[in-house]
Structures are given as C-alpha cells and as structure tokens.
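*Asks:* Below is the structure I would like to discuss, written out as structure tokens.
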Amino acid sequence: MRCKVVSKSENDTFSLGRRIGEVLLGGEILALSGELGSGKTYFTKGIAGGLGIDRDVVVSPTFTIVNEYEGRLKMYHSDFYRIDSCAEFETIGLDESFKEFKAVIVIEWADKLEQLLPDEKLNVSITVQNKNKRIFEFSTKSKKYNHIFNLLKKV
C-alpha cells in the first residue's frame, strides 16, 4: 500500500501526525526517513499529541537514542542518526520494544538500519519541496496499517 500527503506548513505536519496518533492501536512501528530539517521530529510531536502526550516534552532523541513517553499508549521515540552498526543497535534494546504490543514505536532515520527492522512497519518518507512544503509518502506491505491508510484517504 502507498499513499502521498502534502503538508504546506509546520501546522499541517503536526496535524497530520496528531490525526495518525489518534487512530493508533498499539504495536505499530513508524519508520521515518528524510533529510535534516524535513520535519521528522515535528511529525512525531503530532503523533505524541494524538496519543495524549504533551508535545512540548517530545524532543529529538539524537543523543539519548531512545525516549519513552506515557500517554494513551506508550510511545518509544528513537533516532538512528548516530547509530552506525548492528552491534550499537543491539545495545539500545529497541529490538525488545518491538515485542511490546501495546506500544507505538517511532524511529527517525530508520533507513540507516532498515535491515534490522521488522517487515511489519509503516515507512514514512518525508521529502522537502521548499521552506514550508513537505511530501509525506506512506508505504507498507502489511495490512496491519489499513486503519492508517483509511484515515489518509480522508486527509
């Protein structure tokens, strides 16, 4: 499945994330990719907002590697930007979080270690068009994300 959504502002990006966060059931893995400044963290703040997590506490986990937040569902927010090997990935323990069915996992720079991620994930590629405009491309091979694609058809 594939779907593209255009964001024309930071508010659009946050709102898109929030709407997705509102329909998450737990067990989803969102694998984000995009250049620096493309809006990965801002989109994640929106997801957090949809899960009932205060968006102001959500920060990029570039140096902490994984941040954990409690909301309607637990959210693990990870950043692979500084991870360079499979061995480093194993030390952070995120692979154990993949087994936590009631949690949501959002990974920035997921394309760096895509081979280590489960097949059942939602890929979110963010392309910068200009200062404000972003193209979000959602793709997956799993029917597990049908509820998100149903939402995206209405956006």
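We did not get these values from a lab; they are worked out from the coordinates using the rules stated. These numbers were taken from a predicted model, which means no experiment stands behind them.
*Asks:* Skipping prolines and chain starts, which residues have an amide H placed within reach, meaning under 5 Å, of the one on residue 52, given they are 5 or more residues away or on another chain?
*Replies:* Those qualifying (amide H under 5 Å, at least 5 residues apart or on another chain) are 72.
*Asks:* If you average the alpha carbon positions of region 125-155 and of region 18-64, how far apart do those two centres end up, in angstrom?
*Replies:* Computed from Cα coordinates, the inter-centre distance equals 13 Å.
*Asks:* For region 67-73, just list the computed ³J(HN,Hα) in residue order, Karplus coefficients 6.51, -1.76 and 1.60, θ = phi - 60°, integers in Hz, with x standing in for Gly and Pro.
*Replies:* Using θ = phi - 60°, the values come out as 10, 10, 10, 9, x, 3, 10 Hz.
*Asks:* Each residue of region 19-34 in order: what ³J(HN,Hα) in whole Hz does its phi give by Karplus 6.51 cos²θ - 1.76 cosθ + 1.60, θ = phi - 60°, with x for Gly and Pro?
*Replies:* 4, 5, x, 5, 9, 5, 9, x, x, 7, 10, 9, 9, 8, 9, x
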